[in-house]
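Structure record follows, encoded as structure tokens.
The values are calculated or read from the model by the stated rules, or taken from the named source; none is laboratory data. The model shown is predicted, which means the values in this text are computed figures rather than measured ones. Here Cβ is always computed from backbone atoms with ideal geometry, including for glycine, and neighbour counts include all displayed protein chains. Surface accessibility is based on the protein's heavy atoms, side chains included, excluding ligands, DNA and RNA. Shrake-Rupley method; radii C 1.70, N 1.55, O 1.52, S 1.80 Å.
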Amino acid sequence: QTEMLSSSGKCKTFGAGADGFVPGEAVGVVVLKRLEDAIQDGDHIYGVILGSSINQDGKTSGITAPNGPSQTALEVEVYERFNIPPDTISYVECHGTGTKIGDPIEVEALTEAFRRFTDRIGFCAIGSVKSNVGHALIASAAVGLIKVLLALKHGKLPPSLHSAELNPAIDFATSPFYVNRELRDWLSDN
């Protein structure tokens, strides 16, 4: 009734016919440590978090409709506060639930944030682990982070599935983003 679950049993994040997510089950654990402590302790370092922030989405039309301006403001704040130029970002792991409303809002918010810093188009891959393993609900952020860390480790971007035909409600042609739809080397020119 809420139109949150995929009618086909496939999460089509960024794809035409996206109509909801597929429930998944997961447990994800990561150990966060200050970089200097990890180096001193001789730990294997899988990645470094350059900056983070959190917000409250504010008023929305419902659980399936995120607040785009709130997302844009949060992203811009992180890029500015931590001196992260968006044109040096080569991959974004999106929330990407595969809902009719949520995916277009998320990509538009990302595009608005990047546009404050760069006019480049089509240089940054996006994806969502939800098309691969489903929406793990409260574990979904950990699963997405683990996906990115494994991609860094192996130098490969895994494909987002079920998006052979892109969602026509998302303007990828003039955005900084393209949907990564095949296994490819994670190369950066930055």
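Just a few scattered comments:
- Only a single criterion out of (1) in contact (Cβ under 8 Å) with a residue 40 or more places away in the chain; (2) crowded, with 21+ Cβ neighbours inside 10 Å; (3) not polar (S, T, N, Q) is not satisfied by LEU149, namely (2).
- Restricting the stretch 19-53 to residues that are of a type in the set (D, E, K, R) and outside any loop (DSSP other than H, G, I, E, B), the residue that is least open to solvent (accessible area, probe 1.4 Å): ASP37
- Counted residues, the stretch 18-61 - those being of a type in the set (D, E, K, R) and over 30 Å from LEU5 (Cα atoms): 6
- Verdict on ALA16 being surrounded by fewer than 16 Cβ atoms within 10 Å (Cβ to Cβ) and in contact with a strand residue (DSSP E or B) (Cβ under 8 Å, 6 or more places away or on another chain): yes
- Of the listed requirements (1) touching a Gly at 6+ places or on another chain (Cβ under 9 Å); (2) open to solvent by 40 Å² or more (accessible area, probe 1.4 Å); (3) in contact (Cβ under 8 Å) with a residue 40 or more places away in the chain; (4) not acidic (Asp, Glu), THR88 misses just one: (1).
- Matching strands (runs of 3 or more DSSP E) fully within the stretch 84-180 where at least 1 residues are among the charged types (D, E, K, R) and within 11 Å of the chain's Cα centre (by Cα): 91-93
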